[in-house]
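Colleague: First the structure, which I've put down as structure tokens, then a few questions once you've had a look.
The values are calculated or read from the model by the stated rules, or taken from the named source; none is laboratory data. No experiment lies behind these values; they were computed from the predicted model shown. For neighbour counting, all protein chains shown are included, and Cβ atoms are generated from backbone atoms with ideal geometry for every residue, glycine included. These area figures cover heavy atoms from the full protein model, side chains too; ligands, DNA and RNA do not enter into them. Shrake-Rupley method; radii C 1.70, N 1.55, O 1.52, S 1.80 Å.
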Amino acid sequence: MSQLLVEYPLTRPHACDNPLARGADGVLRYGNLTPAVTELLDLQVHAFAGREAVVEIGGPRLTYRELWHSASRIAGGLQEHGIGYGDRVAVHMPPGARWVQAFLGALLSGAVPVLVHDGLPAEVAERVIADSSTDFVLGAGSAGGSDAPLPDGAAFIDDGAALGDLALLCYTSGTAAPMGVELTNENLLSAIRSVVAALDLPTDGLRNLMLLPLAHASGCVDQLLPTFAVGGTVVLAPDTRRLAETLVAERIDMVSATPRIFTRLLPELARLRTDGLDTEGITRVSNAGHRAERAAAAEPANLTAALRDMFPAARRWSVWGATETSGIGLAVDDDTDAPSGADAVLGFPFGGTELALWGPQAQVGHGELLCRGPNVSCRYWNDPKSTADRFTGSWFHTGDQVTIDADGLVRSGLSA
């Protein structure tokens, strides 16, 4: 049977306050973005200078002013090492305030951060660093290891980036041979806009307990940067055994994690409820993950029910995406949007993400899911074959077999 490409118009944009217009390539794009991620963050630093930007439980607490100053000194130190525009700087260290400083320092230097998860086997991490042609390593691969002093020099900020410039190299996970995904300033800024609008993030001091990996798109692009974009506080808890103390002491009002992490924490969360912990102050829960993470987690319907019981006053979203889509693409409000018993629901497209189906049954709503949008990468780093295999024009082939119903709801599998 012949292969068909059937497009599904965006029917639930979620980002109605952020104008989208179709470009010459057919992709929907935001029309009022800052030229670069660093410029957006610079604006927020000046607006919220005295607010806490990042808190590491048992570690540093940094205001926006302190975080920006320390990152700019790291950028200055990188510059003194000859690092500048377009160079690759690997961030390979455990999650925490220091990771955030290193990541922002790499951005401010004009370099392209390369995210290397600290949990990768050594040989895989080395492969990622070699594949990216990294020019400088911040963390485990540097002299002195992950505890080595970070570069330090006169404060420096490179502000010459543009929307189409490469801003981040984020490697795919779940395989022995990760592929580098090129994400531009436009990809990152569009993802930030989409997440802020879809999750209705407030600007009055959001405190987001981030339990996602910082070195993945779901953590860095979809939680860290959007929280900074609204002047919120990112709270990092390396030791989740102190979850109860953290929720109360840090006045947490949002919790974000992957299905795998939430599943692992269910016994701890259940104990908190048994002990009478008041979770009424938590108003948002974001459950973000891709196919591999969902497969390793509890059944989605069971997890959704458990989170509803743990956080009865919160709005709960499930967000689906791939590294190639900046970690986002589909979302469903677990309170109102998910049909009863729909344990295979992935969500509705949001922001500027549009969908298509590829395959012989595409016209009847079944096939491989394709995505395009301002958040979607257009290529892999230094890998023309994989790029040709996975990208058709502006469409990214996710490899996921799905069903799309008449309302635009995407479900995993090819059920009739």
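Colleague: Roughly what % of DSSP beta bridges within the chain run antiparallel, to the nearest 5?
Modeller: Working: 41 of 71 bridges.
Beta bridges within the chain, antiparallel portion: roughly 60 percent.
Colleague: Want the number for residue 148 to residue 46: 0.36 nm per residue separation, take away the alpha-carbon distance, what's left? Intermediate values should be presented prior to the final figure.
Modeller: Values: separation 102, 0.36 × 102 = 36.72 nm, distance 3.01 nm.
Additional length available on full extension: 33.7 nm.
Colleague: Using Cα Rg over 2.2 N^0.38 Å as the read-out, say which of [x] 0.87; [y] 0.94; [z] 1.00 was calculated from these coordinates.
Modeller: Matching entry in [x] 0.87; [y] 0.94; [z] 1.00: [y].
Colleague: Suppose all protein chains stay in the model; what accessible area per residue would a 1.4 Å probe give for the chain, in Å²? It would help to have the intermediate numbers written out before the result.
Modeller: Values: 16260 Å² over 416 residues.
I get 39 Å² per residue for this part.
Colleague: With θ set to phi - 60°, apply the Karplus curve 6.51 cos²θ - 1.76 cosθ + 1.60 along the stretch 49-60 and write out the HN-Hα couplings as whole Hz, x wherever there is a Gly or Pro.
Modeller: Whole-Hz 3J(HN,Hα) from phi for the stretch 49-60: 3, x, 6, 5, 9, 9, 10, 9, 4, x, x, x.
Colleague: Quick one: which of 38-45, 261-268, 81-88, 370-377 comes out on top by average Cβ neighbours within 10 Å, and what's the full order, highest first?
Modeller: Details: 38-45: 18.9, 261-268: 16.9, 81-88: 15.4, 370-377: 26.5.
Most protected by this proxy first, the peptides run 370-377, 38-45, 261-268, 81-88.
Colleague: Further question on the same structure: So, with a 1.4 angstrom probe, what is the percent of accessible area on the chain that is carbon and sulfur?
Modeller: Values: 8490 of 16260 Å².
Accessible surface attributable to carbon and sulfur in the chain totals 52 percent.
Colleague: How would you rank 47-59, 378-390, 179-191, highest first, on the average number of other Cβ atoms within 10 Å across their residues? Kindly include the intermediate steps, with their values, before the conclusion.
Modeller: Numbers: 47-59: 17.2, 378-390: 15.4, 179-191: 24.8.
Highest mean packing first, the order is 179-191, 47-59, 378-390.
Colleague: Once the Cβ-Cβ distance between residue 7 and residue 302 is put in as r, and R0 is 41 Å, what FRET efficiency do you end up with, to the nearest 0.05?
Modeller: Working: r = 34 Å, r/R0 = 0.83.
That pair, residue 7 with residue 302, gives E of 0.75.
Colleague: Relative contact order of the stretch 304-416: what whole-number percent is it, with Cα pairs under 8 angstrom and at least 6 residues apart?
Modeller: Numbers: 196 pairs, mean separation 24.7, N = 113.
Relative CO of the stretch 304-416 lands at 22 percent.
Colleague: Right, another one. Ignoring everything except DSSP H segments at least 4 long, calculate the 222 nm mean residue ellipticity for the chain; use -39,500 (n - 2.57) per segment, divide by total residues, nearest 500.
Modeller: Numbers: 11 runs with 115 residues, N = 416.
Taking each H run of at least 4 residues, the total per residue is -8000 deg cm²/dmol.
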